[in-house]
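Here's the structure we're looking at; comments come further down.
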Amino acid sequence: MFKSIEMAPADPILGLSEAFKADANAEKINLGVGVYKDAAGGTPVLKCIKVAEAKLVDTESTKGYLPIDGNPVYGQKVRELLFGADSEVVKEGRAATSHTPGGTGALRVAGEFIKNVLGVNTLWLSDPSWANHAAVFGAVGLEVKKYPYFDKASNGLNFDGMIEALKGVGEGEVVLLHGCCHNPTGVDPSVEQWEKIAEVLAEKKALPLVDFAYQGFGVGLEEDAAGLRAVVAKNKELLVCSSFSKNFGLYNERVGAFTIVAEDTEAVKKAQSQIKVLIRRIYSNPPAHGGAAVANVLADADLTEQWYGELAEMRERIAEMRKLFVAELDKRGVKLSEAGNQFIVDQCGMFSFSGLTKEQVEVLKKEHSIYIVGSGRINVAGISEKNVGKLCDAIASVTGAAV
Ligand code: LMR
């Protein structure tokens with residue numbers, strides 16, 4: 001039976017990491033997968049996590065199973081970060097959280113909940129969206145539709161097109177929104193635009209699903225939650241999939257969360273009981289270590305302060321690299337849009353939607369050992385003072401600009 005199985009195509013994002021690893025070129029540059037890199041090209045463990053982990057090793061007394069939805073302290077901390085410790089949702093107990101294996105695990109649980117508990121068949125994604133979204137939701141049998149999002153001409157948000165499409169969403173259908181630092185475009189709605197989006201979703205009685213994987217990578221932890229909070233203010237029911245992979249640098253510990261907000265405590269309890277049934281039959285209960293490290297940082301005021309500092313450092317380095325990238329492109333006469341390259345500085349978060357074509361991305365990989373996602377999405381965190389010259393020379397050569 002196995003002999004007839006065909007080779008699957010490589011994953012558009014994680015497959016690039018494999019190809020990068022296998023590339024013998026000492027000058028290779030990885031701008032593919034969304035992993036933060038420091039100026040030296042490393043992804044070190046955050047210092048606050050190192051301290052929390054050391055404490056954990058000292059005090060941990062058992063490796064017994066966690067509850068199906070994880071450690072309740074972790075869940076509480078997740079909700080406080082999402083909605084604010086003083087928010088009505090937190091105070092009234094209208095939300096419940098499940099610790100999931102990463103943000104992707106949260107999306108899968110969300111998909112199962114939408115399809116198998118709510119009985120909803122349709123989910124709307126932004127065009128474009130994270131390369132794995134359609135696959136995750138398709139895998140649970142949801143029909144995936146797209147609403148316009150990115151405007152190529154302005155390299156900004158096609159807000160009118162988006163609103164128009166959202167007005168056509170059916171009652172109960174799910175609309176996925178990127179909470180901040182839109183992946184792959186780096187283009188986010190303004191707070192006023194978020195309010196309008198939230199209003200339209202409420203009018204249409206659609207169910208918002210906010211994918212919130214980059215909190216703290218845009219403007220700041222609180223500022224980045226403004227969109228989500230605008231949605232919460234107008235919609236009594238919603239779903240949130242969040243992740244600590246990026247903002248705590250806990251990629252391989254798989255620390256994510258699926259949070260459901262309902263109209264009242266009774267409704268949330270019932271929904272959570274169903275979510276636990278779903279989780280039990282997928283992965284039973286979550287891995288403990290990463291979530292415990294996060295909960296320990298967030299339960300300690302000094303470690304939390306340290307985390308804010310480390311997160312700001314990552315965010316600020318990315319912003320600096322955007323400016324450096326644009327300066328070096330300008331120096332070489334490369335224009336990635338008709339209006340120039342300023343749009344790269346204006347984009348937000350880890351990614352830049354560079355406008356490079358699939359063909360140019362292919363040449364960059366084959367001839368220059370520079371790895372970029374096929375959509376032209378660049379992980380700006382992978383740029384450094386050391387590699388920016390080579391990167392921009394190569395981009396100049398594939399775009400036909402003078403070097
Ligand atoms: C990305 O978009 O690169 C990250 O979210 C990592 C992943 O799993 O694709």
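The number of residues in region 16-46 that are within 16 Å of the ligand (Cβ to nearest atom) and basic (Lys, Arg) comes to 2. Is at least one residue of region 313-320 over 22 Å from residue 224 (Cα atoms) and free of Cβ contacts under 8 Å to residues at least 24 places away in the same chain? Looking for residues that are over 22 Å from residue 224 (Cα atoms) and free of Cβ contacts under 8 Å to residues at least 24 places away in the same chain, one finds none in region 313-320, hence no.
Based on this model, can you work out whether residue 190 counts as crowded, with 23+ Cβ neighbours inside 10 Å and away from the ligand (no atom under 16 Å from the Cβ)?
On the way: crowded, with 23+ Cβ neighbours inside 10 Å: no; away from the ligand (no atom under 16 Å from the Cβ): yes.
In short, no.
Would you say residue 340 is part of a helix (DSSP H, G or I) and either assigned by TED's automatic domain parsing to the domain that holds residue 21 or within 27 Å of residue 216 (Cα to Cα) (or both)? If you could, list the steps in order and put the result at the bottom.
Values: part of a helix (DSSP H, G or I): no; either assigned by TED's automatic domain parsing to the domain that holds residue 21 or within 27 Å of residue 216 (Cα to Cα) (or both): yes.
Judged against the criteria, residue 340 is not a match.
A search for C-beta distances below 8 Å between a residue of region 326-354 that is among the β-branched types (Val, Ile, Thr) and any residue that is part of a loop (DSSP other than H, G, I, E, B) and within 16 Å of the ligand (Cβ to nearest atom), counting only pairs 6+ apart in sequence or on different chains, returns 344/354. Of all the criteria given as (1) crowded, with 19+ Cβ neighbours inside 10 Å; (2) over 21 Å from the mean Cα position of the chain (by Cα), the one not satisfied by residue 294 is (2). Scoring residue 62 on the criteria (1) of a type in the set (S, T, N, Q); (2) over 30 Å from residue 353 (Cα atoms); (3) in contact with a Gly (Cβ under 7 Å, 6 or more places away or on another chain) leaves a single failure, condition (3). Can you spot a residue in region 331-339 that is of a type in the set (D, E, K, R), at negative phi, crowded, with 16+ Cβ neighbours inside 10 Å and out of contact with any Gly (no Cβ under 7 Å at 6 or more places or on another chain)? Yes, the conditions are met somewhere in region 331-339. Out of region 150-176, which residues are under 19 Å from the mean Cα position of the chain (by Cα) and more than 16 Å from the ligand (Cβ to nearest atom)? If the condition is that a residue be under 19 Å from the mean Cα position of the chain (by Cα) and more than 16 Å from the ligand (Cβ to nearest atom), then 156, 157, 174, 175 are the ones that fit. Evaluated against (1) in the same structural domain as residue 103 (by TED's automatic domain parsing); (2) buried (at least 17 other Cβ atoms within 10 Å of the Cβ), residue 264 falls short on exactly one condition, (2).
Of the residues making up region 87-101, one or more are at pLDDT 95 or above, within 19 Å of residue 251 (Cβ to Cβ), within 16 Å of the ligand (Cβ to nearest atom) and surrounded by 13 or more Cβ atoms within 10 Å (Cβ to Cβ).
For region 320-355, name all the residues that are more than 16 Å from the ligand (Cβ to nearest atom) and under 23 Å from the mean Cα position of the chain (by Cα). Of everything in region 320-355, those that are more than 16 Å from the ligand (Cβ to nearest atom) and under 23 Å from the mean Cα position of the chain (by Cα) turn out to be 320, 321, 322, 323, 325, 343, 344, 345, 346, 355. The lone criterion from (1) over 13 Å from the mean Cα position of the chain (by Cα); (2) closer than 23 Å to residue 121 by Cα; (3) small (Gly, Ala, Ser) left unmet by residue 242 is number (1).
The values are calculated or read from the model by the stated rules, or taken from the named source; none is laboratory data. In this text, all values refer to a predicted model and were calculated from it rather than measured experimentally. We place every Cβ from the backbone using ideal geometry, glycine too, and count neighbours over all the protein chains shown.
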